[in-house]
Amino acid sequence: MSDYRSASTEPRHVAPPQPGSRMARRQAAAAPPQGPPGPPSRGQRVKGDNGGGKMRVLAWVSIAATSVMVVGSLTGYTVYRDAFGHINQKSVKSDIITPRPVDKGALNVLLVGSDTRAGEGNAQYGQKLARTADAGGKRTDTMILMHLSPNRDKARLISFPRDSMVQIPKCKNEATKQEMPPQRAMINSAYSSGGIACTISTLETLTGIRINHFVEVDFSGFENIVNALEGIEICLKSGVNSKKAKLVLPPGKSVLNGKQALGYVRLRDYGDGSDIQRIKRQQIFLSKVVAKATSGDLLTDPSKLTGFIKAAASSVTMDPELANDPERLIEIATSAKSLTAGGVKFTTIPWVPDPEDKNRVVWKQPDAGELFNSIINDTEVPKESPSSSTKPKVTIKPDQVQVQVLNGTTTPGRAREVADLLTKQGFRVVELGNFQTADGQSLAATEIRYPKTAATGTDYAGALAGQVTPKPDPKAGKVRAATSEPYAAATTVQASTAKKKAPVVQLIVGADFKAIKVTKLPDSVEQSTITASEQKSVCV
């Protein structure tokens with residue numbers, strides 16, 4: 001996995017000092033690109049602009065509705081096969097030229113909102129250039145990674161802001177198929193030059209997460225999607241009377257039809273007028289879309305479900321592997337029956353201003369990396385079967401496990417690196433040290449050891465083993481450290497609840513060590529996450 005430390009999160013839309021309109025950028029983008037373009041200038045957006053600048057909001061909403069279709073409406077795939085026949089298909093496997101991460105068994109679908117004005121129903125959202133042959137080129141203002149756990153009972157939708165500055169890897173130019181060199185640029189430039197294949201390569205390289213499928217969405221189906229759901233209820237703290245958004249709403253609850261919903265997600269002159277507040281309104285709106293689309297009324301009503309699928313499918317493009325694999329879709333559908341709005345979380349990656357350009361952002365580290373790690377290794381532990389006969393004697397929490405971390409490799413600093421990771425997940429690291437093999441080479445496989453005399457040693461060792469990738473099989477009998485020293489955590493840790501007689505478990509880091517599973521996400525991630533089921537009565 002390449003270094004992703006130059007990247008960052010939540011959308012930060014700051015008006016930059018340089019001049020130039022969005023339409024001028026569209027005209028410049030109409031020519032076939034020769035390589036990943038540098039960060040485009042962001043023109044001053046005037047209040048009341050209802051053009052391309054606001055279309056990214058619609059893309060965000062359309063993508064969320066499409067994600068619902070993928071994880072919710074697939075429950076009826078075998079019945080509604082004809083409706084799914086409306087889905088457009090695009091194969092991009094041969095255009096991905098970077099090494100791909102290992103598939104860990106979860107389902108990761110890249111959801112992309114294309115702001116092209118080409119195609120029936122899209123031109124009405126743009127200006128004159130929208131009605132030209134290629135509609136001024138295409139860009140993606142929105143990228144969301146939808147992660148479904150291996151159990152298919154939890155979903156997290158991670159949003160990548162378009163003005164994130166990242167390292168784009170080598171890609172094929174979508175039009176010419178010529179290889180383009182790596183370049184640091186805004187993340188959405190990967191799509192404008194290399195299409196969905198380059199976008200997949202970029203995100204896989206930055207995150208280390210295998211992307212199994214993709215879904216592209218344009219704007220034309222948004223009104224139909226909302227109308228197929230028979231409107232979405234929102235709640236406002238104060239009324240709206242916006243000429244710019246062409247929207248008038250009273251305080252309190254309102255059920256929005258498609259056209260009203262378009263105005264609502266484009267609304268700027270409300271509240272404090274900030275992008276951050278507007279993004280929060282969008283997330284709450286999307287959570288309500290998820291809640292309604294996964295409700296029993298939709299999934300059990302053939303007429304409603306067919307209308308919803310057709311409305312979403314008509315403005316969707318998928319990879320053939322997803323669109324044409326009934327067994328895969330049915331497998332997702334069967335497991336998706338347990339996916340309710342309560343299991344859906346919307347997260348925007350933690351971000352900080354780009355030191356090189358305050359009008360851009362980079363992903364906050366190590367927080368973003370810990371979020372990626374949680375996806376790579378998944379945080380959901382499969383439930384034990386009722387017949388399991390190896391139940392622990394006691395229930396052990398991370399802060400009850402005392403650990404001595406020993407570096408069994410020839411790479412300096414590994415013990416402290418792993419100790420810091422364990423501490424972030426709540427384990428009580430008490431010592432660092434080194435372990436030397438008989439031949440002086442790196443220990444091939446990571447080991448976890450506990451004292452032979454500890455009656456509950458297997459339980460404490462097992463609690464630690466469950467967080468290590470690859471998972472070691474705990475062994476009785478500790479090894480002798482070549483060197484050791486007390487460990488002092490770099491960050492403040494909570495008081496230990498470890499019992500006085502709790503054993504000290506050894507973790508001897510071997511050459512095969514990959515990661516410590518992330519089950520406790522950083523505060524910045526939790527603060528930028530909302531749970532769909534908790535937004536039902538929220539007024540904004």
Might you check whether a residue that is among the β-branched types (Val, Ile, Thr), surrounded by 17 or more Cβ atoms within 10 Å (Cβ to Cβ) and part of a helix (DSSP H, G or I) occurs anywhere in segment 247-265? yes
For segment 424-441, what are the residues that are over 30 Å from PRO522 (Cα atoms) and either acidic (Asp, Glu) or buried (at least 18 other Cβ atoms within 10 Å of the Cβ) (or both)? PHE435, ASP439
Taking interchain pairs and intrachain pairs at least six residues apart, which have beta carbon atoms under 6 angstrom, with the first residue in segment 442-456 and assigned by TED's automatic domain parsing to the domain that holds LEU507 and more than 13 Å from GLN404 (Cα to Cα) and the second hydrophobic (A, V, I, L, M, F, W, C) and surrounded by fewer than 18 Cβ atoms within 10 Å (Cβ to Cβ)? SER442/ALA511; ALA444/ALA511; LYS452/ALA476; THR456/VAL394
Regarding segment 472-485, can at least one residue be identified that is within 32 Å of the chain's Cα centre (by Cα) and either over 15 Å from VAL403 (Cβ atoms) or in the same structural domain as PRO350 (by TED's automatic domain parsing) (or both)? yes
Any residue in segment 157-168 that's without any contact (Cβ under 8 Å) to a residue 24 or more places away in the chain: show its pairings with residues that are surrounded by fewer than 24 Cβ atoms within 10 Å (Cβ to Cβ) and polar (S, T, N, Q) at Cβ separation under 9 Å, as long as the two are six or more apart or on different chains. none
Can you list the strands (runs of 3 or more DSSP E) lying wholly within segment 186-245 that have 2 or more residues being in contact with a helix residue (DSSP H, G or I) (Cβ under 6 Å, 6 or more places away or on another chain)? 213-217
Can you report the number of residues in segment 419-433 which are within 15 Å of VAL505 (Cα to Cα) and either part of a strand (DSSP E or B) or of a type in the set (A, V, I, L, M) (or both)? 8
Answer with yes or no whether ALA291 is crowded, with 18+ Cβ neighbours inside 10 Å, hydrophobic (A, V, I, L, M, F, W, C), in contact with a helix residue (DSSP H, G or I) (Cβ under 8 Å, 6 or more places away or on another chain) and at pLDDT 70 or above. yes
Segment 487-534 - residue that is part of a helix (DSSP H, G or I) and more than 16 Å from PRO366 (Cα to Cα) and, of those, modelled with the highest pLDDT: GLU534
Return yes or no: is VAL240 under 28 Å from the mean Cα position of the chain (by Cα) and either buried (at least 20 other Cβ atoms within 10 Å of the Cβ) or in contact (Cβ under 8 Å) with a residue 12 or more places away in the chain (or both)? no
Got a number for residues in segment 521-540 being farther than 14 Å from GLY252 by Cα and touching a strand residue (DSSP E or B) at 6+ places or on another chain (Cβ under 6 Å)? 5
Inspect segment 404-412 for any residue being in a loop (DSSP other than H, G, I, E, B), in contact with a Ser or Thr (Cβ under 9 Å, 6 or more places away or on another chain) and surrounded by fewer than 20 Cβ atoms within 10 Å (Cβ to Cβ) and give the result as yes or no. yes
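The values are calculated or read from the model by the stated rules, or taken from the named source; none is laboratory data. Please read all numbers here as calculations on a predicted model, not as lab measurements. Cβ coordinates were reconstructed from backbone atoms using ideal geometry, including for glycine residues, and neighbour counts include every protein chain displayed.
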